[in-house]
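See below for the structure under consideration.
All of the numbers you see were taken from the coordinates with simple rules; none came from a lab. Computed from a prediction, not measured in an experiment: that's the story for all the values here. Every residue, glycine among them, receives a Cβ derived from its backbone with ideal geometry; neighbour counts consider all protein chains shown.
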Amino acid sequence: ALTTSRQGIFSGQSALINLAGEETSKMVVRAPVALTVQFSAGGGFGGGYPNSLMGTVAYIRQTFYDAIRYRDEHERFDRVKRGVQRPEHDKRLAALQPALKGEMPVLFMANSDGDILRALRIAEEFKLRPIIAGGQYSYRVAHLLKARNVPVIFSVDFPRRPADLPEDEDESLRLLRERAEIPKGPGMLAQAGVKFAFTSGSQRPQDFIAGVVRAVENGLSKDDALKALTQNAAEILGAGEMLGTIEVGKIANLVVTSGDLLSRDGRIRHVFIDGAEVELKRPEAQPRGGIQARAGGQAAPSTPVDPAGNWELVVRSPQGDISVRLTLQRDGERITGTLAGPMGSFPIGNGSVSGNQVRLPVSLQFGGDTVEATIVGTIEGDSMRGTITMGALGSFEFTGTRPR
């Protein structure tokens, strides 16, 4: 997995890790991998500067120009030393130097074709090595990506029916067209000769594989899909000598399936990471008495908790803690309500609860753009904690209480 901070415009440097291991240090396969940059106004959930796309682009360009000036000042001091004021060390600008030298790629979180074009222009201006992540509209500019040899890490978290749309209301023609076209994107990238891999984003593992299968059903060959899951992913992240193919001396990360993994009836039977088999978690049968055993001997409720009520949440963002109110109602298994904060009030139309965990999809509006977010929270009594995931804008932890 490629792991990086999802907060801020310059989110930091990423690392490639294995998702199993007894010690964190031994899980790292390669670090750093890339510098992450995203076109997120205000750096996340709470707004703030820059609060527009134009401001974000200006901020990115100015930061790279500041990094160039920082480099030039240090090079001048190294040449002269005497009679020249020693420049201050700035760890933020120092971290950009490998990208400016072309030693480290820049991972642009860019989903729309407009953002992808902006990323390409910035990369050309500063002679960067871009990778497009998200890239669901990358097929619209596939010819440019191919001509500039820019790889894509394509999100298979395909568009869904908006969470706040009433059940008896039809979707717009634009949304219907996007839902039909975007799953065809990987096949179109392959046809254009663009190297691409897949990313799951905030999806569950089973949803990730289902997304890849959907891309196959929409024109992507199984060979290209398998290559995107393995060899392409390793090569794009600079780990092709260690991962991606089954060869003597490479890291033994393997998946054993029964049936075709890239079909609806494929099943994963064994997973090996670094040569060691990983135990696959399967749902446990619920014992008699209405109580399901948890690890450590604790008991989990056999019936879902009731999340209804007014929740006061504190969301942690780069701009500091932000207070929001989550108002929930329960109608059978369906959860509805509103999320209200500094950016406005947004309806929740189709949430769910399983055990003591709630999952609440909500469509947020930022400057005329719609961001599909998912709130996942764990409830214990009148306390809740979890994350708000907002696509390319990142994931933000929260805690909250339900006053009585």
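Enumerate the lysines that residue 250 could reach by cross-link, defined here as Cα to Cα under 19 Å, with residues fewer than 8 away along the same chain left out.
26, 227
Note down the nm distance, to one decimal, between modelled labels 7 Å out along Cα→Cβ at residue 59 and at residue 331.
Computed distance between label sites residue 59 and residue 331 equals 3.9 nm.
Could you let me know the centre-to-centre spacing of the range 103-158 and the range 229-279, using Cα atoms, in angstrom?
With the range 103-158 and the range 229-279 each reduced to a Cα centre, they are spaced 26 Å.
Return the single residue from 177, 161, 82 with maximal mean-square fluctuation; model: Gaussian network over the chain, springs between Cα atoms under 10 Å.
Of 177, 161, 82, the most mobile in the Gaussian network model is 82.
Highest GNM mean-square fluctuation, the chain, Cα pairs closer than 10 Å: which of 252, 34, 215?
Evaluated over the chain, the most mobile residue of the options is 252.
Considering Cα pairs under 8 angstrom that are at least six residues apart, work out the relative contact order of the range 2-278 and quote it in whole percent.
Relative contact order here is 11 percent.
Mind listing the long-range amide H neighbours of residue 266? Cut-off is under 5 Å, sequence gap 5 or more, other chains count too, H placed in the peptide plane at 1.01 Å from N.
260
Below 16 Å, Cα to Cα, which aspartates and glutamates can residue 222 reach? Residues fewer than 8 away in the same chain don't count.
Residue 222 reaches 260, 265.
Considering the chain as a Gaussian network with a 10 Å cut-off on Cα pairs, which listed residue, 97, 329, 206, attains the greatest mean-square fluctuation?
Residue with maximal mean-square fluctuation among 97, 329, 206: 206.
If we count every other residue with Cβ under 15 angstrom of residue 235's Cβ, Lys/Arg +1 and Asp/Glu -1, where does the sum land?
Residues close to residue 235 contribute a combined charge of +2.
Name the long-range amide H neighbours of residue 34: under 5 Å, sequence gap of 5 or more, or other chain; modelled H, no Pro or chain starts.
14
Counting other beta carbons within 10 Å of each Cβ, put 196, 272, 208, 39 in order, fewest first.
272, 208, 39, 196
Which value, in debye to the nearest 20, gives the size of the charge dipole of the chain about its Cα centre, when Lys and Arg are +1 and Asp and Glu are -1 at the Cβ?
880 debye
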